[in-house]
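Let me begin by presenting the structure, written as structure tokens, before commenting on it.
The values are calculated or read from the model by the stated rules, or taken from the named source; none is laboratory data. What you are looking at is a predicted structure, and each value in this text was computed from that prediction instead of being measured. So basically every Cβ, Gly included, is an ideal-geometry build from the backbone, and we count neighbours across all protein chains shown. Keep in mind that these areas ignore ligands, DNA and RNA; they rest on the heavy atoms of the full protein, side chains included. Shrake-Rupley method; radii C 1.70, N 1.55, O 1.52, S 1.80 Å.
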Amino acid sequence: MLVSFAGGIFAVHKILPSGHWFIPALFVSIVICLITIPFLSPRIRVYSLILIFFLTGAILGQGKRHPSRLIPLANLHKSVVIEGTVLNPPKIIDGKIAKMNLRAQEFTFNGDAIPIDENIVVTVYNHIPSLEAGDKIRFPTRLKPFKNFNNPGNYDYEEAMRLKGLICSASVSDGRRIVPMGPGHLPFLRGMIETIQKPVRELFKKQLDTRNFALFRALILGERQGIDPALREPFNQTGLGHMLAVSGLHIGLVAWAAFFLFKWILSRSYRLALEIDIRKISAFLTAFPVIGYTLLAGFQVSSQRAMIMILTFLVSLILGREREVWSTLALAGLIILFLDPNALFSISFQLSFMAVIGILWLTPAILDRFHYPDNSQQVRMSILNRLLTYFTGLVAVTASAMIFLLPITCYYFHRISLVSIPANLTTVPILGMWVIPLGLLSAITAPFSFNVAGFFLHLGAWGLNKMMAIIEFWAHIPRSSIWTVTPNIFEIFLFYSFILCIFFFKRWRWAKIGMALIATLILSDAAYWVYQVRFNRDLEVIFLDVGRGNAALVSFPGGKKMIIDGGGFSRGSFDVGKMVVAPYLWFKKISQIDYMVLSHPHADHMNGLRFIAEIFRPKEFWYNGDQVETATFRELKTIIENGNIKTFLPSDLRDGIEINGVRVNILHPDPEGQPLILEKDGKWLNNNSLVLQITYRGKTFLFPGDLEKPGEEVLISNAGEMLKSDVLLSPHHGNKTSSSKEFLEMVQPGICIISSREGPSSNFPHQAVLDRLRDMGCRVIRISRSGAVKVIVGKDRFKVRTFLEEKSP
């Protein structure tokens, strides 16, 4: 039932055409199946029931899609005045930027006030006001739609925001423009939760230091606003990132502790033990702390799903069906998907559900290898042996979940922790037996006694400090985690098929045949990617979508790789290198870069290279030699020095180099040519950009960085006819200060690629530049509209394809 129901949801999202026109047909099909079921044979009746669940999933998967009033305005980047209620405490980034979810209740456009009820994301830059959940505010803003970076292997940000019920984003350039309007109107459940959370949050803030306040907020209240990248990194390195989101682990620990506490209390009465089933009563009572903790933790989606799964198991215990764990799990999945069909596509649901499947399936097999004692044997064991047995079970559970989730974690997070098992063994007991119980006790006692609550909280903080010391110990071990290439859907299927064949290897004859077949497919897949990455004979240049910035990957014949610029943003903590460029490299099974090139040290070209330099270990770093006093440039230089990466300046590359038949020349700045005469400011950095020219089999690519007209004049003077190129990356993202008529006439490009993020407030690309290019008969490709652009030069072929063309031929 679960598989067919999920299949219906998947089909309506990924296979069937969009729209509600076929829902009546699905409904009629369900009615026909229900009418005919009594007249069918038992076997056909089962198939009919499966079909009913499939059709029901397809109907519910359509959902209720109300038309949005804000999306049309966001697509045009219109300015409006928004009035609404803050839904959650703002997340402060670097003390300068605040992000929050807002329930927009009214907007004013062209003098008309229009009531709405839509959730949006608000970002405030500078002069951040003091805001809390439930505050009503009014502010002018420019609306923007959520946009993906359209590269192969990209994260679907637009879909993720839609699943969260968020419509669009709004930015406020100065927090002083936000007008507080008193208490707002939160939805009933959200308002009740905020009433519960607020005094606990204030207790944590007054009693704890900054780090422990952020961690206790995450562990007890489910609020991760205070978890910055530096604090999150040790958890990610050790495979403990799941600790920071209240989900199955946390609620499961609370359920386990509550169940055994209730069972112990009830068993103190001899009479009760004789008259009632203590286990069933304990299971019933355990439901209350489980629900209470879920509410205290904000009743967020991940905690809701965990609560449903645990409550389903408790019900099976009350009904005496606790041994039917697979049916219980399937029933929990059906309930979750019935309440929220979109949960099927959320990462948290996939991770939680797959982890439980791995634990239920693999743990018994692993424990059998260790001759794990049953309950009757454990009663007669010594305390030391019981502890050993407990840790053996914990190892088996952790290993089962880690193995079964391996392809999923690689697919979404591209990272494997090599210390995950010992890290979980040494921290989960502290979390479950000390930190969470004492944190919850402080929350429960806070309304009655601030001092008692503070006592429990400080005890919990002592344990939290010990836990963090252990986490940092494991994180500081060299190679505690490794970054991995991204498996595709076919490779994930091969992994689980291989696990299945191993499990049934001794029981089923077909498992041996299947294992041989799967092993052959795995070797063939590996051989294909080795050839593509290391032995491909073509030159392939990918111009990536990094927003308003530049990043290009050059794959030379024979396998060497060059990255030219890495994109980036000047504000905020979003790392383009980590979140955009690297996922594409991992998607293409690339784990190392040979040459890293920086055209000039501006954020939109440089900031993404920090992660690339640290993780992909380039052998050489080329740049123009300009120095800037920014934290990101200093960080990049430190990474290069610590990694012993050889640095090359234009003077070192004046004669150019040849890489497997591909000629690479540095045309600007020319140490021996006409100098650039400008003040050394932002214009200097643009006009002193490193200009690369790459030639192979008669086809030439030109990468001019952010060169503007003064730099173009110097380049023309020094390079002359050498500038002629087939493919031009538009200088300075198509700005009107670049791409002068003289420069374009000298280059004579057949294709011009423009990398910029468009919008009414943006001058990129400028219409004059577009007109100039089209008058020349040049094909213009705008990455903001086409996605990443791939150009392949091979023997007797020259092929240009865009990401959106390949996605939707």
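Step through the residues of segment 739-753 one at a time and calculate ³J(HN,Hα) from phi using the Karplus curve (6.51 cos²θ - 1.76 cosθ + 1.60, θ = phi - 60°), rounding each to whole Hz and writing x for Gly and Pro.
Whole-Hz 3J(HN,Hα) from phi for segment 739-753: 6, 5, 4, 5, 5, 5, 5, 6, 6, 6, x, x, 9, 10, 9.
Looking at segment 36-134, which trypsin sites (Lys or Arg not before Pro) are DSSP coil and have at most 15 other C-beta atoms within 10 Å of their C-beta?
Details: sites: 43, 45, 64, 65, 69, 78, 91, 96, 99, 103; in loops: 64, 65, 69, 78, 96.
Those satisfying the criteria are 64, 65, 96.
Using bins 10 angstrom wide from zero, how does P(r) for segment 464-556 break down, in % of all Cα pairs?
Values per bin, smallest distances first: 12, 22, 23, 26, 16, 2.
Specify whether the C-alpha gyration tensor of segment 761-805 places it in the rounded, prolate or oblate class, a ≥ b ≥ c being the square roots of the eigenvalues: rounded for a/c under 1.5, otherwise prolate if a/b is larger than b/c and oblate if not.
oblate
Name the shape class, rounded, prolate or oblate, that the alpha-carbon gyration tensor gives for segment 277-372, where a ≥ b ≥ c are the square roots of its eigenvalues, rounded holds for a/c under 1.5, and otherwise prolate holds if a/b is larger than b/c and oblate otherwise.
Cα axes put segment 277-372 in the oblate bin.
Ignoring any ligand, DNA or RNA, what whole percent of the accessible area of the chain comes from carbon and sulfur when the probe is 1.4 angstrom?
Carbon and sulfur atoms account for 61 percent of the accessible area of the chain.
Assuming R0 = 22 Å, what is the FRET efficiency of residue 798 and residue 776, from their Cβ-Cβ distance, to the nearest 0.05?
Working from the Cβ atoms, E equals 0.70.
Determine which lysines satisfy two conditions relative to residue 736: a Cα distance under 16 Å, and not lying fewer than 8 residues away in the same chain.
Answer for residue 736, where 16 Å is the Cα cut-off: 683, 709, listed by chain and number.
If you filter segment 422-513 for trypsin sites (Lys or Arg not before Pro), then keep DSSP loop positions with at most 14 other Cβ within 10 Å, what is left?
479, 506, 507
Roll a 1.4 Å probe over the protein chains and send me the accessible area per residue for the chain in Å².
Dividing the accessible area of the chain by its residue count gives 49 Å².
Can you grab the distance from the C-alpha centre of segment 767-809 to the C-alpha centre of segment 454-517, Å, no decimals?
42
If packing is taken as the average number of other Cβ atoms within 10 Å across a peptide's residues, how do 266-277, 150-161 rank, most packed first?
150-161, 266-277
Report the Cα centroid-to-centroid distance between segment 285-361 and segment 226-260 in angstrom, as an integer.
17
Out of the trypsin sites (Lys or Arg not before Pro) in segment 521-611, which ones are loop residues according to DSSP with at most 14 other C-beta atoms within 10 Å?
Passing both the DSSP loop test and the Cβ count: 537, 571.
Per the Kirkwood definition applied to all pairs of different Cα atoms, how many angstroms is the hydrodynamic radius of the chain?
30.1
How large is the helix-only mean residue ellipticity at 222 nm for the chain, computed as the sum of -39500 (n - 2.57) over DSSP H runs with n ≥ 4, divided by its residue count, in deg cm²/dmol to the nearest 500?
-15500 deg cm²/dmol
Bin width 5 Å, origin at 0, all Cα-Cα pairs of segment 403-537: what percent of pairs per bin?
In whole percents, the pair-distance histogram is 2, 9, 12, 11, 12, 11, 10, 9, 8, 6, 5, 3, 2, 1, 0.
Enter the Cα centre distance for the pair segment 92-124 and segment 1-51, rounded to the nearest angstrom.
41
In terms of Cα to Cα distance under 29 Å, which lysines are near enough to residue 206, apart from those fewer than 8 places away along the same chain?
The qualifying lysines are 91, 96, 99, 136, 198, 466.
Could you give me the ³J(HN,Hα) list for segment 710-717, computed from phi with Karplus coefficients 6.51, -1.76, 1.60 and θ = phi - 60°, whole Hz, x at Gly and Pro?
My calculation for segment 710-717 gives x, x, 5, 5, 5, 4, 4, 4 Hz in order.
Mind listing the phi-derived Karplus ³J(HN,Hα) values for segment 153-169, rounded to whole Hz, using 6.51, -1.76 and 1.60 with θ = phi - 60°, and x for any glycine or proline?
My calculation for segment 153-169 gives x, 6, 7, 7, 5, 4, 5, 4, 5, 5, 5, 7, x, 9, 8, 7, 10 Hz in order.
Run the numbers on segment 119-183 and let me know its relative contact order in percent, using alpha-carbon pairs under 8 Å that are six or more apart.
Normalised by residue count, the contact order of segment 119-183 is 58 percent.
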